[in-house]
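Since every read-out is calculated from the coordinates, none of them should be taken as a lab result. These numbers come from a predicted model, not from an experiment. No Cβ is skipped: glycine too gets one built from the backbone with ideal geometry, and neighbour counts run over all protein chains shown.
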Amino acid sequence: MENEEILDDIGALVEEERALRTRAGGLLPEELARLADLEVRLDQCWDLLRQRRAKSEFGEDPDTAALRPAAEVESYRN
């Protein structure tokens, strides 16, 4: 996956996240679950993009960067 594709995915995820967050009247349980999923997927995409950029910066192949598991990426917050 190229950087541009990752950025496109991020844009689509952010758009969906904003739409959910701006809904009047609150969210249904399944929408809250979707919002939580979007947050995790965004964290994974940003992490992958950072990996690719770092590898490029240091002369490594950015295509060796891999999507990390949600539990790993989410543990970075703590």
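Among 6-13, 57-64, how do they line up from the highest to the lowest mean number of other beta-carbon atoms within 10 Å?
Answer by packing, highest mean first, reads 6-13, 57-64.
Helix 3-21 versus the longest principal axis of the chain: what is the Cα-based angle in degrees, 0 to 90, to the nearest 10?
20 degrees
Let me know the charge dipole size of the chain about its Cα centre in debye, to the nearest 20, where only the beta-carbon of Lys, Arg (+1) and Asp, Glu (-1) is charged.
360 debye
Two decimals is fine: what's Rg over Rh for region 3-77, C-alpha atoms, Kirkwood radius as Rh?
With Rg and the Kirkwood Rh in hand, the quotient comes to 1.07.
Show that you can apply the helix-only estimate: for the chain, add -39,500 (n - 2.57) for every DSSP H stretch of four or more residues, divide by all residues, and state [θ] at 222 nm to the nearest 500.
That calculation yields -23000 deg cm²/dmol at 222 nm.
Convert each backbone phi in region 68-75 into a coupling constant with the Karplus relation 6.51 cos²θ - 1.76 cosθ + 1.60 (shift: θ = phi - 60°), then list the ³J(HN,Hα) values in order as whole Hz, x for Gly and Pro.
Per-residue couplings from phi come out as 8, x, 4, 4, 5, 5, 5, 6 Hz.
Can you compute the modelled spin-label distance between LEU67 and ALA33, with each label point 7 Å from Cα toward Cβ, in nm?
Placing both labels 7 Å beyond Cα along the Cβ direction yields 1.9 nm.
Percent relative contact order of region 3-77, based on C-alpha pairs within less than 8 angstrom and at least six residues apart?
29 percent
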